[in-house]
Amino acid sequence: MTKMLGRTASGLFWMMRYLERFENTARLIDAGFRMSLTRARTARSEWESVLTTAGMREQYLERHGAFSTRDVVEFMIADRGNPGSLFNSIASVRENARMTRTALTRDLWEAINEASLQFKRDFETGSHRSDLPELLAHVRQQAALVRGTVYGSMLRNEIFRFVKLGSLIERADNTARILDTKYYVLLPSSASVGSSLDTVQWEMILRSASAERSFHWLYGGEIDPAAIVDFLIHDVRLPRSIAYCYDEIIVMLTALETEYGQRTKAHDLAASHEAHITNSTSDAIIGSGLHEFLIDFIARNAALSAQIEADYRFSQ
Amino acid sequence: MVEPQKFFDEMHGFGDGVRAPYEVYSKLLAEMDETRLKGKAAQAEAFFRRTGITFNVYGEAEAEERLIPFDLLPRIISAREWRTLTRGIEQRIKALNAFLHDIYHRQEILRAGRIPEHLVTQNAAFLPQMVGVNPPGGIYTHIVGTDLVRTGPDEFYVLEDNARTPSGVSYMLENRETMLKMFPELFSNVGVESISDYPSLLRRALAASPPLACMGKPTIAVLTPGIHNSAYYEHAFLADQMGVELVEGRDLKVVDGRIAMRTTCGYHPIDILYRRVDDEFLDPLNFNPDSLLGVPGIFDIYRAGGITLANAPGTGISDDKALYSYMPDIIEFYTGQKPLLKNVETWRCSEPQSLSYVLDNLADLVVKEVHGSGGYGMLVGPAASRDEIETFRTKLKTNPSNYIAQPTLSLSTVPIFTDSGLAPRHVDLRPFVLVSPQSIDVVPGGLTRVAMKEGSLVVNSSQGGGTKDTWVLSDD
């Protein structure tokens with residue numbers, strides 16, 4: 001049996017990275033929007049941190065002076081000049097899906113096509129101005145439908161592995177960025193000793209990672225920085241934690257090793273990153289610098305992505 | 001205003017009652033409720049949109065994907081009519097392949113003086129690189145889509161032979177799928193020939209002409225220019241239906257004397273390439289050096305027997321519009337028979353007498369570029385404004401040999417479903433033909449293109465044309 005084209009593997013991988021980005025950006029906008037409603041006074045700096053998490057701060061400032069809700073939302077959803085806007089993300093999802101169409105099940109293709117059409121409908125009717133929560137809810141629903149068809153209709157073969165790898169790599173990156181933007185909230189500082197943690201701030205972190213209900217379920221009313229860091233980095237029960245993503249990445253790479261009969265450098269690299277994550281306790285991470293840990297992780301994650309692209313011949 | 005009665009209608013003839021092939025269908029149609037039909041039309045459009053059956057339009061600012069309008073009323077052809085067409089098409093394709101072999105080898109038809117030599121050897125579509133090359137299986141045109149038009153009960157004309165890379169077969173198949181979903185009851189009452197095995201026939205036809213270097217079961221792939229090509233949907237559809245890889249030029253390179261595709265585990269050789277990239281862009285080393293769509297060196301591998309290209313390079317000359325007018329001679333020369341299907345009368349503007357006739361009668365003629373396709377760059381005299389005609393007159397005078405002219409044919413009509421009921425619209429027909437060393441298969445059906453605008457004769461999708469399902473009846 002001939003193996004699939006490297007370009008197809010690339011298309012599947014990036015299709016899912018963009019889908020994950022599409023969904024996570026929507027989640028970030030949602031979290032930011034709630035903040036702007038509940039605490040009008042600090043809304044500006046909240047939007048700035050949302051843009052920083054999404055990696056769009058610099059580009060935003062090239063076009064806009066202040067961080068107003070209207071401008072930020074418009075920029076993150078609709079701006080064609082912003083490569084990470086929802087508009088551009090879903091366009092990239094669909095373009096990659098078209099490119100790899102022969103590798104997709106009919107159900108998966110139709111779910112992606114429908115996600116793109118739904119966004120277009122919302123977009124054209126101006127929902128991002130008149131009914132933002134509705135548009136964002138649609139994004140989450142459509143992404144869930146795509147994920148559902150991935151699980152419900154695809155063969156568990158190489159195609160599935162690259163689809164999963166793309167979504168896991170992107171998700172690990174996004175979770176690290178969410179934490180990094182708000183790392184100061186989680187740091188033990190002299191001012192915050194004895195005072196309660198800013199609950200709205202940590203709610204926002206959890207909400208951005210779609211983890212607020214799960215966290216309450218597990219921790220009840222007990223909230224402390226180490227618990228949040230531990231939850232988002234180490235808890236393999238949480239499907240958006242970094243450890244969960246790396247567990248699954250290893251599962252996918254191991255399956256590819258069996259299917260292709262060869263182990264890749266990417267596999268070794270992923271294993272070493274996984275060990276690095278499991279071996280650092282939350283207290284140690286916070287003690288020696290959460291920001292440094294996250295920046296280092298984001299770079300490692302990007303290096304793994306590049307190694308996967310090289311090992312599986314995504315391009316010439 | 002065009003008087004509808006002056007055209008032959010495939011359902012109602014010249015206004016003298018329902019024609020035999022439509023008898024059963026027309027009774028069933030009469031029982032259908034108009035509201036239900038309207039619902040079906042909307043349903044069909046939603047289906048096409050959801051499935052993403054679209055084409056890209058060149059020259060539009062945003063490379064928008066568009067739906068081709070689909071009409072619910074089938075175009076029906078009787079078994080007897082189909083037999084006549086099939087025989088005529090087979091004869092033509094045999095002659096085309098013999099002609100291609102001849103002009104790239106001994107050129108006997110030129111020596112016999114049946115065709116002016118310069119029309120072949122000076123033709124941009126003639127590839128000197130193909131001289132002396134023997135394509136695998138002896139086949140030049142593995143896939144053909146012959147364009148036919150009808151003007152009366154027994155009057156069929158061949159408009160174009162489309163021997164390069166005919167497109168539209170995915171619409172033939174998806175249109176049928178849509179009709180089966182919408183109107184299952186019609187198919188249990190009317191005996192319609194099935195077309196659903198086209199992809200497996202295509203696969204078999206391709207596999208029947210392996211290259212010398214092929215060992216064992218051939219690896220087949222479809223070569224596409226990429227997702228921005230107007231027919232990308234079709235390329236992906238065919239690769240998917242045949243269960244073969246859809247490759248782009250950037251996936252391929254020469255490895256150990258073979259064309260190989262880059263897989264996740266290294267390079268794997270391809271035996272047969274159904275290429276949907278034109279000759280010019282196939283190989284930057286041998287043809288257009290600026291092409292990014294092809295594979296450097298693929299033509300050398302082809303000549304050495306390392307790969308089959310379908311269709312063979314250089315087949316474009318056989319559907320050249322200037323040579324078209326010689327088709328009756330070509331058919332007679334190679335088959336010894338009179339052509340079974342008619343050619344449309346054609347004036348070659350390169351000939352001074354014809355040119356002056358054409359210039360005098362522009363308002364009544366259709367003028368086409370010799371190398372044009374897709375309805376771009378043509379003049380439909382009766383539908384053109386005075387300005388358009390004058391612009392074309394200048395073009396013709398400047399470069400007469402770039403044009404041919406034909407009478408405006410009274411294309412047959414088939415009713416379409418409009419908001420105000422049924423209305424006749426002009427159609428053409430493109431049956432698809434698969435050629436292997438063993439057989440020529442004309443798939444019983446085809447793509448019926450329909451000019452959606454009242455009175456319009458232009459059926460090309462790029463110019464707003466739509467499509468219909470095409471039924472070939474099983475029994476007379």
Which residue pairs have Cβ atoms under 6 Å apart, sit 6 or more places apart or on different chains, and have a first residue in segment B:438-460 that is over 13 Å from B:Arg75 (Cα atoms) and a second that is among the aromatic types (Phe, Trp, Tyr) and crowded, with 18+ Cβ neighbours inside 10 Å?
B:Val443/B:Tyr198; B:Val443/B:Phe432
Kindly indicate which of A:Leu179, A:Leu253, A:Leu238 is within 27 Å of A:Arg7 (Cβ to Cβ) and either assigned by TED's automatic domain parsing to the domain that holds A:Phe293 or modelled with pLDDT of 95 or more (or both).
A:Leu253
If I filter segment B:114-166 down to residues being outside any strand (DSSP E or B), among the hydroxyl-bearing types (Ser, Thr, Tyr) and out of contact with any His (no Cβ under 9 Å at 6 or more places or on another chain), which single residue comes out as surrounded by the fewest Cβ atoms within 10 Å (Cβ to Cβ)?
B:Thr121
Tell me which helices (runs of 4 or more DSSP H) are completely within segment B:248-367 and hold 3 or more residues being surrounded by fewer than 22 Cβ atoms within 10 Å (Cβ to Cβ) and not β-branched (Val, Ile, Thr), or say none if there are none.
B:327-335, B:352-360
Just one of A:Ser192, A:Ser282, A:Ser210 is polar (S, T, N, Q), modelled with pLDDT under 95 and within 30 Å of A:Asn157 (Cα to Cα); which is it?
A:Ser210
Is it true that some residue in segment B:112-122 is modelled with pLDDT of 95 or more, among the hydroxyl-bearing types (Ser, Thr, Tyr) and under 24 Å from B:Leu323 (Cβ atoms)?
no
Please work out if A:Leu108 is at pLDDT 95 or above, farther than 29 Å from A:His291 by Cβ, in a helix (DSSP H, G or I) and within 14 Å of chain B (Cβ to nearest Cβ).
yes
Out of segment A:235-268, which residues are of a type in the set (Gly, Ala, Ser) and either assigned to a helix (DSSP H, G or I) or in contact with a Pro (Cβ under 8 Å, 6 or more places away or on another chain) (or both)?
A:Ala243, A:Ala255, A:Ala266
Within segment A:275-316, track down each residue that is touching a strand residue (DSSP E or B) at 6+ places or on another chain (Cβ under 8 Å) and surrounded by fewer than 20 Cβ atoms within 10 Å (Cβ to Cβ).
A:Gln316
Single unsatisfied condition, A:Asn96 versus (1) free of Cβ contacts under 8 Å to residues at least 60 places away in the same chain; (2) within 14 Å of chain B (Cβ to nearest Cβ); (3) not small (Gly, Ala, Ser):
(1)
Which count do you get for residues in segment B:391-414 that are modelled with pLDDT of 95 or more and assigned to a strand (DSSP E or B)?
2
Within segment A:128-170, considering residues that are of a type outside the set (Lys, Arg) and outside any helix (DSSP H, G or I), the one nearest to the chain's Cα centre (by Cα):
A:Met154
Going by the structure shown, is A:Leu232 outside any helix (DSSP H, G or I), of a type outside the set (Gly, Ala, Ser), more than 14 Å from chain B (Cβ to nearest Cβ) and over 14 Å from A:Ser167 (Cα atoms)?
no
Report, by residue number, each residue of segment B:199-225 that is polar (S, T, N, Q) and within 12 Å of chain A (Cβ to nearest Cβ).
B:Thr219, B:Thr224
Which one of B:His228, B:His235 is touching a residue at least 40 places away in the same chain (Cβ under 8 Å), within 12 Å of chain A (Cβ to nearest Cβ), under 13 Å from B:Thr165 (Cβ atoms) and not aliphatic (A, V, I, L, M)?
B:His235
Filter pass, B:Leu379 being assigned by TED's automatic domain parsing to the domain that holds B:Gly137, surrounded by 15 or more Cβ atoms within 10 Å (Cβ to Cβ) and either over 30 Å from B:Phe187 (Cα atoms) or of a type in the set (A, V, I, L, M) (or both)
no
Out of segment B:251-265, which residues are facing chain A (nearest Cβ under 9 Å) and either in contact with a Pro (Cβ under 6 Å, 6 or more places away or on another chain) or modelled with pLDDT of 95 or more (or both)?
B:Asp251, B:Lys253, B:Met261, B:Arg262, B:Thr263, B:Thr264
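To keep it simple, each residue is scored yes or no on (1) acidic (Asp, Glu); (2) without any contact (Cβ under 8 Å) to a residue 60 or more places away in the chain.
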{"site": "B:Glu10", "(1), (2)": "yes, no"}
{"site": "B:Val18", "(1), (2)": "no, yes"}
{"site": "B:Ser26", "(1), (2)": "no, yes"}
{"site": "B:Glu31", "(1), (2)": "yes, yes"}
{"site": "B:Ala42", "(1), (2)": "no, yes"}
{"site": "B:Ala46", "(1), (2)": "no, yes"}
Being closer than 24 Å to A:Ala115 by Cα, surrounded by 16 or more Cβ atoms within 10 Å (Cβ to Cβ) and touching a Lys or Arg at 6+ places or on another chain (Cβ under 6 Å) is true for just one of A:Ala54, A:Ala26, A:Ala91, A:Ala31. Which residue is that?
A:Ala31
For the condition among the aliphatic types (A, V, I, L, M), more than 30 Å from B:Leu362 (Cβ to Cβ), touching a His at 6+ places or on another chain (Cβ under 7 Å) and in the same structural domain as B:Ala41 (by TED's automatic domain parsing), what is the one hit in B:Val442, B:Val435?
B:Val435
Report, by residue number, each residue of segment A:1-49 that is without any contact (Cβ under 8 Å) to a residue 24 or more places away in the chain, more than 14 Å from chain B (Cβ to nearest Cβ) and not acidic (Asp, Glu).
A:Leu37, A:Ala40, A:Arg41, A:Thr42, A:Ser45
What are the pairs with Cβ atoms under 8 angstrom where one residue, in segment B:182-210, is assigned to a helix (DSSP H, G or I) and the other, located anywhere, is surrounded by fewer than 18 Cβ atoms within 10 Å (Cβ to Cβ) and among the β-branched types (Val, Ile, Thr)? Sequence gap at least six, or different chains.
B:Asn189/B:Val24
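The values are calculated or read from the model by the stated rules, or taken from the named source; none is laboratory data. Computed from a predicted model, the values in this text were never measured in an experiment. Every residue, glycine as well, gets a Cβ built from its backbone with ideal geometry; the counts of neighbours run over all protein chains shown.
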